[in-house]
Amino acid sequence: MYQAKNNLRKLQLVAALGAAIAVPAMAQTSVQVTGLVDTYVGSMKYSGDSGRTSVVNSGGLTTSWIGFKGTEDLGGGLKAKFNLTSFFRADTGQIGRFDGNETMFSRDANVGLMGNFGAVSLGRDLAPNFLPSILFNPFGDSFQLSPLILHMDVPWFNASGWTNSVAGDTGWSNEVIYTTPDFAGLKANFHYQFGEQAGNNGKNNIGANVLYFHGPLALTAYYQRVKVNNPLELSPGNVQPATNIPLPTGMVAARQSAWFLGASYDFTVAKLFATYDQTSHDIDLKDKTTQLGTSIPLGQGAVLASWAHTKRDGAAIGDALKRDTASVGYDYNLSKRTDLYAIYMYDKITDQSTGNSVALGIRHRF
């Protein structure tokens, strides 16, 4: 009798646990742990470097990251969603993309709703410039080896004095994004970043991008106006693309406007990419960048090649400067989640030493 009662209690406990587990299943809640690890061995020399550096670094083709994302079906076609993801450096285990970027969830920290109306997101999320730039060059979001991303987004602290042309970072904090429904391959995102500065409600960042995918053809464009750097500053600060550009005494940029056009076409035997972007300021300083690239399927991978050219001119810097960067390599798929890559990169800035880099890496998605 005792044994029967004991077994009955066990069955009741199992049933209770099963019911507890079934509640979120009935609510159709989904939470995923996801991420990517990318590490490479390289011999690196960018234009302006005094010598070569042998490295084991993180993020050769994609910045390493880990995080959580999820959705909950609220009924009536409405869903709640969230993203909490963190950049990290796989070579050292440190948080962030670089020193000084140690915020835990610097990639994503947002929550929102999505449905037939589109989607709304609140928190830290993508800047308007990010998707158009990474989807329309063959090296994606490589901050180490993609010529376009190097020119647009990577600040330089070497002897060249060169730095990124696009201000405001690739992610914005304190942001509201509205995403339209998909109209036969056409979708738009509208971004507004609150400056959160007392008495200066006009000091905010705004922007929008458009993405169109139809068969082998893809098109994109974005516009953004940046008045505050990110992370946000308490003072007006300097939103020119470089805090290390030597400017004439008293000359400070407080606003940058940027626009971008991109296209790609997949001919099956090769996919071609082309982009053009331009930035200007409330001082005489302007950047113009052209990028051409291709991805050619070969075996279990693809040959990747891209070239970017930026011309920087204006009274703020005096004589015009030019930068040319070209990368070529092979990305080999071991599986759907793991690939190996080998990349060579050439880099040259006006009046600076020539750079040549080689990187061999592995990338795994989970």
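State which residue is farthest from A253 (Cα to Cα) when the search covers only segment 316-336 and only residues that are touching a residue at least 40 places away in the same chain (Cβ under 8 Å) and among the small types (G, A, S). Before you say what the answer is, go through the steps one by one.
Let us first name the residues in segment 316-336 that are touching a residue at least 40 places away in the same chain (Cβ under 8 Å), namely 316-317, 321, 323, 325-327, 329, 331.
The next check asks that each one be among the small types (G, A, S); those that pass are 316, 326-327, 329.
On the way: A316: 10, A326: 30, S327: 32, G329: 38 Å.
The extreme case among them is G329.
I'd like the full set of residues that are small (G, A, S) and surrounded by 15 or more Cβ atoms within 10 Å (Cβ to Cβ), limited to segment 81-100.
S86, A90, G96
Can you tell me how many residues within segment 295-318 are within 20 Å of the chain's Cα centre (by Cα) and farther than 28 Å from Q352 by Cα?
Residues meeting the conditions: 1.
Among the residues of segment 153-163, is any surrounded by 23 or more Cβ atoms within 10 Å (Cβ to Cβ) and among the polar types (S, T, N, Q)?
no
What are the pairs with Cβ atoms under 9 angstrom where one residue, in segment 97-120, is more than 20 Å from D141 (Cα to Cα) and the other, located anywhere, is among the hydroxyl-bearing types (S, T, Y) and not in a strand (DSSP E or B)? Sequence gap at least six, or different chains.
Within 9 Å, the pairs are F117/T180; G118/T180; A119/T180.
Which condition from (1) within 26 Å of S306 (Cβ to Cβ); (2) not in a strand (DSSP E or B) is the one that N189 breaks?
(2)
Which of the following residues is under 20 Å from the mean Cα position of the chain (by Cα) and under 29 Å from G207 (Cβ atoms): L292, L321, L285?
Checking each option against the conditions leaves just L292.
Taking the stated definitions as given, is P138 touching a Leu at 6+ places or on another chain (Cβ under 6 Å) and farther than 24 Å from S106 by Cβ?
Spelling it out, P138 is indeed touching a Leu at 6+ places or on another chain (Cβ under 6 Å) and farther than 24 Å from S106 by Cβ.
Within segment 109-127, does at least one residue satisfy the condition of being buried (at least 21 other Cβ atoms within 10 Å of the Cβ), of a type outside the set (F, W, Y) and under 20 Å from Q278 (Cβ atoms)?
Within segment 109-127, one or more residues are buried (at least 21 other Cβ atoms within 10 Å of the Cβ), of a type outside the set (F, W, Y) and under 20 Å from Q278 (Cβ atoms).
Could you please find all residues in segment 196-231 being over 21 Å from the mean Cα position of the chain (by Cα) and surrounded by fewer than 18 Cβ atoms within 10 Å (Cβ to Cβ)? Lay out the reasoning, then the answer.
We begin by selecting, within segment 196-231, every residue over 21 Å from the mean Cα position of the chain (by Cα); these are 196-203, 214-217.
Within segment 196-231, E196, Q197, A198, G199, N200, N201, G202, H214, G215, P216, L217 meet the criteria.
Provide a single number: the residues in segment 35-52 that are surrounded by 14 or more Cβ atoms within 10 Å (Cβ to Cβ) and not in a loop (DSSP other than H, G, I, E, B).
Pass one, segment 35-52, residues surrounded by 14 or more Cβ atoms within 10 Å (Cβ to Cβ): 35-42, 44-49, 52.
Going one step further and asking which of them are not in a loop (DSSP other than H, G, I, E, B), we end up with 35-42, 44.
Summing the residues that are surrounded by 14 or more Cβ atoms within 10 Å (Cβ to Cβ) and not in a loop (DSSP other than H, G, I, E, B) in segment 35-52 gives 9.
Could you tell me whether I296 is more than 28 Å from A90 (Cα to Cα) and of a type outside the set (K, R)?
yes
Restricting segment 53-78 to residues that are assigned to a loop (DSSP other than H, G, I, E, B) and touching a Ser or Thr at 6+ places or on another chain (Cβ under 7 Å), which is surrounded by the most Cβ atoms within 10 Å (Cβ to Cβ)?
If we take residues in segment 53-78 being assigned to a loop (DSSP other than H, G, I, E, B) and touching a Ser or Thr at 6+ places or on another chain (Cβ under 7 Å), then G60 is surrounded by the most Cβ atoms within 10 Å (Cβ to Cβ).
Scanning segment 39-71 for residues that are out of contact with any Phe, Trp or Tyr (no Cβ under 9 Å at 6 or more places or on another chain) and either modelled with pLDDT under 95 or not hydroxyl-bearing (S, T, Y) (or both), which turns out nearest to L321 (Cα to Cα)?
D49
The values are calculated or read from the model by the stated rules, or taken from the named source; none is laboratory data. All values reported here derive from a predicted model rather than from experimental measurement. Here Cβ is always computed from backbone atoms with ideal geometry, including for glycine, and neighbour counts include all displayed protein chains.
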